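The numbers here are math on the coordinates, done by the rules we state, and not lab data. Since we're looking at a predicted model, the values are computed, not measured. Methodologically, a virtual Cβ is constructed for each residue, glycine included, from the backbone with ideal geometry; neighbour enumeration extends over all protein chains shown.
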Amino acid sequence: RYRESSPMELDQVETYRTMSNYQGQKKSEATIESKKYVTCYNCEKKGHFAKESSSIEFVRLKENKEQLLCFNGKINGRSAWILLDSEASRNFVDTKFAKKHHLQKIDMAPIIVELADGQKKGVITEVKIKKLELEEYRTFEINAQLLDLQRYDAILEKP
């Protein structure tokens, strides 16, 4: 069965395709070289990824004309690309981000999360965000469920 690709999945395919052209080079050279062909999802300029774009952006997805509020923020002092989602019922952190930055995992009662594309995923683990920074805003000790996020390091429910 085939399913339609979402804009998030297409971005990952392009990045992978670009990176695979440079397998013979050192990793840092390949990353720098591949950025020549990357177009920022926010500002549509070449040479950087969306998470490296300016601090706060309104992102317009071409396919569905939806506006999203995204931030370059910090989770426990680590740079993170964060989506503030008014439709989210909980906070979520990407599993790869949590692993990379050694966020402490906490077992929780299983829940089913319905994603924007209609998929349903089970979640059994959460992390404690000790400090969240979004520009001048700071908050402490919030819980977030671990989920494989394709585009963001975290998705936060609107308070």
key: Residue-by-residue Karplus 3J(HN,Hα) for the stretch 97-110, coefficients 6.51, -1.76, 1.60, Hz, glycine and proline x   = 4, 4, 5, 4, 9, 6, 6, 5, 8, 10, 5, 9, 5, x
message = Given points 7 Å out from each Cα along the Cα-Cβ axis, report the residue 88 to residue 131 separation in nanometres with one decimal.
response = 2.1
task = Find the centroid of the Cα atoms in the stretch 101-125 and in the stretch 138-154, then give the distance between the two in whole Å.
result = 10
Net lengthening on full extension, residue 157/residue 116 (0.36 nm per residue, minus Cα-Cα) = 13.4 nm
ask   = For the pair residue 124 and residue 95, how long in nm is the line joining their label points, each one 7 Å along Cα→Cβ?
value = 1.1
